Amino acid sequence: MLNQQWLTTFITLVELGHFTQTAETLFMTQPGVSQHIKKLEHQVGCALINRIGKRFELTEAGIAIYEYACDLQRQQLELLSSLHVDETFAGECKIGCSGSMAALLYPYLINDQQAYPELIMLLEAGPNKRTLDGILSNQLDLGIVTQQVVQPELTSIDIGKQSLCLVIPKCVSGKPIDAKVNYELLSQLGMIDHPDANFYWQQICSAFFNSESAKNIRKSGYVNQLNQILLPVAKGLGFTVLPEFAVRCFAQYDDIQIAYIANDKPVMLFEPLYLVHKQHRKLAKRYQRIIQLIKSLVNND
């Protein structure tokens, strides 16, 4: 890495064009200025100036180093300036959540960005572990997960619940099927897998079926795009488990159905939702609006 002090001396020399004035400006001696330039030339491995009496001309390498040093100086000034700014309507918003929650939340986030162009919405959809790993590595600032966090570096806030539904097709091979299901029927259909499917399915299976059977369920497909997960279900190719708000907004909702068991009880359970962030890292002001938005969306749904 090029020496920052030598680069500063070089920038000042180029802009003033005189060794004596540079020394006076930087409260140095003229030999000290010359020494900085020589050390910088030695570090880059080539001459940066051609001395012509008391004047000098930049070499091609000198021009390149001067432009680089100016860019670096400008970036540092911008960075230092940004460190003291904490605005409600400016900055990057780095959020992680499940794909289904992302589908619910993202349209509102980009509406905010449209209203306040200095906001930049960065949304990472993935399972709980990816969200938590992202927060721990500082790639994300805020996450929404479905499990209570016990890690000392993180803090979590209970913000409500989402309902998980077992979704089956209305027809298989052109023949209507009953919404009332048992484990044998589900085994025949097979599960359409997705990044959160196993976690969701284990909860459903534990609540309504033999939890040990969850480990052995046949997989009849996999897709990691939320808007595609229910397509094979609608085609009669399997069942899946998703949050209810993701099911209700499916374009081919008439081709799927929420499964029931005896006594017309829907195969549905409520799963807690938690907001997670670093315990000892204060969230920027811009996240206050987002947290309120998330809470209102969860409670409305």
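E57 to Q73: extension gain in nm, 0.36 nm per residue of separation minus the Cα-Cα distance? Show your work: numbers first, answer last.
Numbers: separation 16, 0.36 × 16 = 5.76 nm, distance 2.20 nm.
That works out to 3.6 nm of additional length.
Compute the long axis of helix 30-44 from its Cα atoms, compare it with the longest principal axis of the Cα atoms of the chain, and write down the angle in degrees, 0 to 90, nearest 10.
50
Indicate the gyration tensor shape class of the chain (rounded, prolate or oblate), computed on the Cα atoms with a ≥ b ≥ c the square roots of the eigenvalues: a/c under 1.5 is rounded; otherwise a/b larger than b/c is prolate and the rest oblate. Please report the intermediate quantities before stating the final value.
Numbers: a/c = 3.74, a/b = 3.12, b/c = 1.20.
Prolate shape, in that a/c is at least 1.5 and a/b is the bigger ratio.
Tell me, what HN-Hα J-couplings in whole Hz come from the Karplus equation 6.51 cos²θ - 1.76 cosθ + 1.60 at θ = phi - 60° for each residue of region 219-236, using x for Gly and Pro?
Couplings: 9, 10, x, 8, 8, 10, 9, 4, 6, 10, 4, 7, 4, x, 5, 4, 8, x Hz.
With a ≥ b ≥ c the root eigenvalues of the C-alpha gyration tensor of region 162-271, is it rounded (a/c under 1.5), prolate (a/b larger than b/c) or oblate? Spell out each step's value before the answer.
Numbers: a/c = 1.22, a/b = 1.12, b/c = 1.09.
The shape class here is rounded.
List the residues whose amide H sits under 5 Å from the amide H of S220, counting only those 5 or more places along or on another chain, with H placed 1.01 Å from N in the peptide plane.
Those lying under 5 Å, H to H, from S220 are M191, I192, D193.
Per DSSP H run of at least 4 residues, take -39500 (n - 2.57); add these up for the chain, divide by its residues and hand me the 222 nm value, nearest 500 deg cm²/dmol. Intermediate results must be reported in sequence, preceding the final value.
Numbers: 11 runs with 132 residues, N = 301.
Theoretical 222 nm ellipticity from helices: -13500 deg cm²/dmol.
Any idea what the alpha-carbon Rg over 2.2 N^0.38 Å comes to for region 145-207?
Numbers: Rg = 16.3 Å, N = 63, 2.2 N^0.38 = 10.6 Å.
Relative to the rule-of-thumb radius for its length, region 145-207 sits at 1.54.
Readers should treat all values here as calculations from the given coordinates under stated rules, not as data from a laboratory. This one's a predicted model, so the numbers in the text were calculated from it and none came from an experiment.
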